[in-house]
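Enquirer: Pasting a structure here, questions to come.
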Amino acid sequence: MVDSHVIMDNLTNKSSWEKIKKAQLFCDFLEQKNIFYEYCFKHPEVLGCDESKNYYQRFCSYVKNYTICKNLAVHERKGKHRKFLIITDQSKQVDLKKLKDVLVSTKLEFISEEELYYLLNTYPGNISIFNLLYDNARQVELIIDKELLKSELLVFHPLYNGMSMFIKPEEIIKFLNMINRNSIMTKLPEKEPLCLKK
């Protein structure tokens, strides 16, 4: 059993408390299902991985080896309009043009804010693998970068982008099994580095 810690600060306004309460209830829900995380930190709301990284540096005495996960919600522009949630390392620039060949799909583009709310009950900057809880109709296919399985800890928002959960990959697999979700684990194609002409 892994000890769990929710670390709070005093800079929380009243409107944030409802979001925090929801995240804490979700953390409790995971533990009730025997899915355990290492730490869950409170920080100002962030809209991207780079912002998050700045706050994590404060917690280096708690956590050292971790991977911040980037969550990309995309769908096919034409055809069946399949929808995908792609999970990868925040430092990886995924090549969507090449990824469509891996997924045998049509051209991929990012899901609109309205559709994101409808599918996963969230908004840009607050997407997490945990939002699959809301996809009862199984409309979203999950794609996981298999490189993440080598990480000691993965970082996701627990349904609120003002908190970050550090959790082992095997616990994420337990979560997916609990909600009966399959995933495609593959090496995601990266964009080629930009070469400038002299």
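Enquirer: When the range 159-172 is examined, which residues are found to be modelled with pLDDT of 95 or more and either exposed (fewer than 15 other Cβ atoms within 10 Å of the Cβ) or assigned to a loop (DSSP other than H, G, I, E, B) (or both)?
Expert: Passing the criteria: 168, 170.
Enquirer: Let me ask something else. Name, by its number, the condition in (1) under 29 Å from residue 16 (Cα atoms); (2) more than 12 Å from the chain's Cα centre (by Cα); (3) modelled with pLDDT of 90 or more that does not hold for residue 53.
Expert: (3)
Enquirer: Could we say that residue 107 is in contact with a helix residue (DSSP H, G or I) (Cβ under 7 Å, 6 or more places away or on another chain), surrounded by fewer than 16 Cβ atoms within 10 Å (Cβ to Cβ), among the charged types (D, E, K, R) and farther than 28 Å from residue 43 by Cβ here?
Expert: Spelling it out, residue 107 is indeed in contact with a helix residue (DSSP H, G or I) (Cβ under 7 Å, 6 or more places away or on another chain), surrounded by fewer than 16 Cβ atoms within 10 Å (Cβ to Cβ), among the charged types (D, E, K, R) and farther than 28 Å from residue 43 by Cβ.
Enquirer: Additional query: Restricting to the range 119-142, name every residue that is of a type in the set (Gly, Ala, Ser) and either surrounded by fewer than 18 Cβ atoms within 10 Å (Cβ to Cβ) or part of a strand (DSSP E or B) (or both).
Expert: 125, 137
The values are calculated or read from the model by the stated rules, or taken from the named source; none is laboratory data. Every value quoted in this text rests on a predicted model; they were computed, and no experiment measured them. Quick reminder, even Gly has a Cβ in these numbers, built from the backbone with ideal geometry, and neighbours come from all protein chains shown.
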